[in-house]
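Structure first, commentary second.
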Amino acid sequence: VAKESGRNKIRVFSKKMLERVLKMSRLEHELQAARKNNQFFLVYQPIFETGTEKLSGMEALCRWQHPKHGLLYPKEFIPIAEESGDIIDLGLWVLREACSTMAAWHKNFPELSELIISVNISAVQFRMASLVDQVSTILEETQLQPDKLNLEITESTIMENAESALFMLKRLKTLGIRLSIDDFGTGYSSLSYLRQFPVTSLKVDKSFTADMLEEENSLEIIKAMLALANAMKLEVIVEGVEQSHQLKELERIQCKYVQGFHLARPLSLEKAEDLLAKTHTCLEAE
Ligand code: C2E
Ligand code: MG
Ligand code: MG
Ligand code: MG
């Protein structure tokens, strides 16, 4: 009996595995056509200034409306696109779409011309020397002010090869854009490099936020990251704020920027524009 159930277990496991692999290989085949068929779209998650609750920017996040599987999240298709190389094309589309959307917002809501658009850059894109020219071209095409674009690169991407990352970051910086280290605290930055990276801000990984009220260590690490950033004149954005108590504590320790479901979920283009219209009206009334 034991043997049989053991065998069954193996069968169930391998069937699941097989299904997963099949789905992945199908998705890989579908990626290119999906771009052409406009199945990808962006959602925009607001970033707020703590205390004032002022909207300071939006992070563009990619979604795939799949005809059969429904709405797919980045973790289901970004790794596949990275593996196949399709991320280059998809990443360019994301960048162009995000920049042109923000340029349009600046035009339509002149009071909000300080808003910054953040775009995630994959490790595969970051390793391509051509990225700098591509960003430069997109800025020109979309007429977005360079200092209103923030590129987010994860700490682990940067630390894969700190020496070449430093070179790339310096080249990107010459465009006058902003640079963020995303998922900060999870990628083993060397402090001697961190000091040299021409970045504008650190985004504290949401794993620290998740248990900051229960786990003294997490709160202490966030405080240490704030102190480090202060010393290096970097801004800090804490992501993954899900509760009002977390927000209160972050205000208390003087964290300047926050992002998370408690403040706002990633918004459709339409919902994002509703928020901008509301923010705009409030500013006009002041
Ligand atoms: P990320 O850049 O660290 O983005 C934050 C992720 O956390 C987003 O997930 C966001 O929806 C989610 N999030 C925001 N607030 C909260 C919160 O309060 N609690 C929790 N639990 N989660 C929150 P999403 O959209 O699924 O994206 C996941 C990751 O996929 C991103 O992490 C980013 O690394 C990557 N990604 C997303 N869009 C793109 C893209 O266009 N290009 C590339 N290369 N990567 C992307
Ligand atoms: Mg990000
Ligand atoms: Mg992050
Ligand atoms: Mg992440």
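Its alpha carbons give the range 187-272 an Rg and a Dmax of 13.8, 43 Å. Secondary-structure-derived ellipticity at 222 nm for the chain, considering helices only, amounts to -17000 deg cm²/dmol, per-run term -39500 (n - 2.57) for DSSP H runs with n ≥ 4.
Restriction of the trypsin sites (Lys or Arg not before Pro) in the range 99-155 to DSSP coil positions whose beta-carbon has at most 15 other beta-carbons within 10 angstrom yields Arg127. Over the range 63-157, the fraction of Cα-Cα pairs per 5 Å bin, rounded to whole percents and listed from the shortest bin up, is 2, 12, 21, 22, 17, 14, 8, 3, 0.
About its Cα centre, the chain has a charge dipole of approximately 1040 debye under the convention of +1 per Lys or Arg Cβ and -1 per Asp or Glu Cβ, with nothing else charged. Pairwise Cα distances in the range 129-237 exceed 19 Å for 47 percent of all pairs. In plain terms, the residue of Met24, Met17 with the fewest other Cβ atoms within 10 Å comes first and the most crowded comes last, giving Met17, Met24.
Centre-to-centre, using Cα atoms only, the range 185-201 and the range 38-81 are separated by 25 Å.
Can you give the log10 of the normalised intensity I(q)/I(0) at q = 0.10, 0.12, 0.14 Å⁻¹, computed with Debye over equal Cα scatterers of the chain? The computed values of log10 I(q)/I(0) come out as -0.59, -0.83, -1.10. Using C-alpha pairs below 8 Å separated by at least 6 residues, the relative contact order for the chain is 17 percent. The spread of Cα positions in the range 1-154, taken along each principal axis and listed from longest to shortest, comes to 72, 39, 29 Å.
Over the range 20-64, what is the relative contact order in percent, taking alpha-carbon pairs closer than 8 angstrom and at least six residues apart?
Worked out over the range 20-64, it gives 33 percent.
Helices in the chain that qualify as membrane-span-like (whole DSSP H runs, Cα extent of at least 20 Å along the helix axis, mean Kyte-Doolittle hydropathy of -1.0 or higher) are 2-36, 87-108, 216-231, 269-285. Protection proxy ranking, highest mean first, for peptides 48-56, 197-205: 197-205, 48-56, where packing is the per-residue count of other beta-carbon atoms within 10 Å, averaged. Reducing the range 202-245 and the range 109-158 to their Cα centroids gives an inter-centroid distance of 24 Å.
For the range 92-144, the set of GluC sites (Glu not before Pro) satisfying both a DSSP loop assignment and a count of at most 14 other C-beta atoms within 10 Å is given as Glu114.
Charges on Cβ only, +1 for Lys and Arg, -1 for Asp and Glu, centred on the Cα centroid of the chain; of Ala229, Thr174, Leu90, which one is farthest towards the dipole's positive end? The residue sitting most towards the positive pole is Leu90. Shown here for the range 179-212: chymotrypsin sites (Phe, Trp or Tyr not before Pro) in loop regions (DSSP other than H, G, I, E, B) with at most 16 other Cβ atoms within 10 Å, namely Tyr188.
Dipole magnitude for the range 44-123: computed about the Cα centre from +1 point charges on Lys and Arg Cβ and -1 point charges on Asp and Glu Cβ, it is near 200 debye.
Since every read-out is calculated from the coordinates, none of them should be taken as a lab result. Here the structure is a predicted model, which means the values were calculated and not measured. FYI the Cβ positions are ideal-geometry reconstructions off the backbone, even for glycines, and counts take in every protein chain you see.
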